[in-house]
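The values are calculated or read from the model by the stated rules, or taken from the named source; none is laboratory data. The structure displayed is predicted, hence computed values, not measured ones. Cβ sites come from the backbone with ideal geometry, for glycine too, and all protein chains shown count toward neighbours. Surface areas here come from the heavy atoms of the whole protein model, side chains and all, with no ligands, DNA or RNA. Shrake-Rupley method; radii C 1.70, N 1.55, O 1.52, S 1.80 Å.
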Amino acid sequence: MTMHAMALPGYQIQTTKCGYCEADLGLVHRQRSLLNAWEDALLAGPAAIDSHLQQHNTPYFARHTSGCPFRELPPAVHASCTSYKGDMDAWGQLIDARKKLDKARGLEPDG
């Protein structure tokens, strides 16, 4: 038997959009390996963050509006911010991801 990738009528695949500026990031996979790599980059510091963004965010950065505070988050992070996780909704998760980025870059005080 052969399987083909397809979407049935009424079950169209949704593209990932930025929760702030509604930039269409296309079909983005929520791969745990990409999220783990992002978290490792946050722990490693600004140079690792810039390297990760250069590799994983370059084609998506320009899709956001110029004032979007979430344009520096990789697409996998946007895709992972859905529904509820614990007590945070998708918007809260996106804000939390941005705060983690700022903290890792030393732009936000601990706490």
Just to verify a number: FRET efficiency for I13 and D50, C-beta to C-beta distance, R0 = 30 Å, to 0.05? 0.45
At the level of C-alpha centres, the distance separating the range 75-106 and the range 24-66, in angstrom, is 13 Å
Give the cross-link partners of K17 among the lysines, using a straight C-alpha distance below 21 Å as the criterion and excluding same-chain residues fewer than 8 apart. K85, K99, K100
How large is the accessible surface of I95 in square angstrom, using a 1.4 angstrom probe and rounding to the nearest 10? 50 Å²
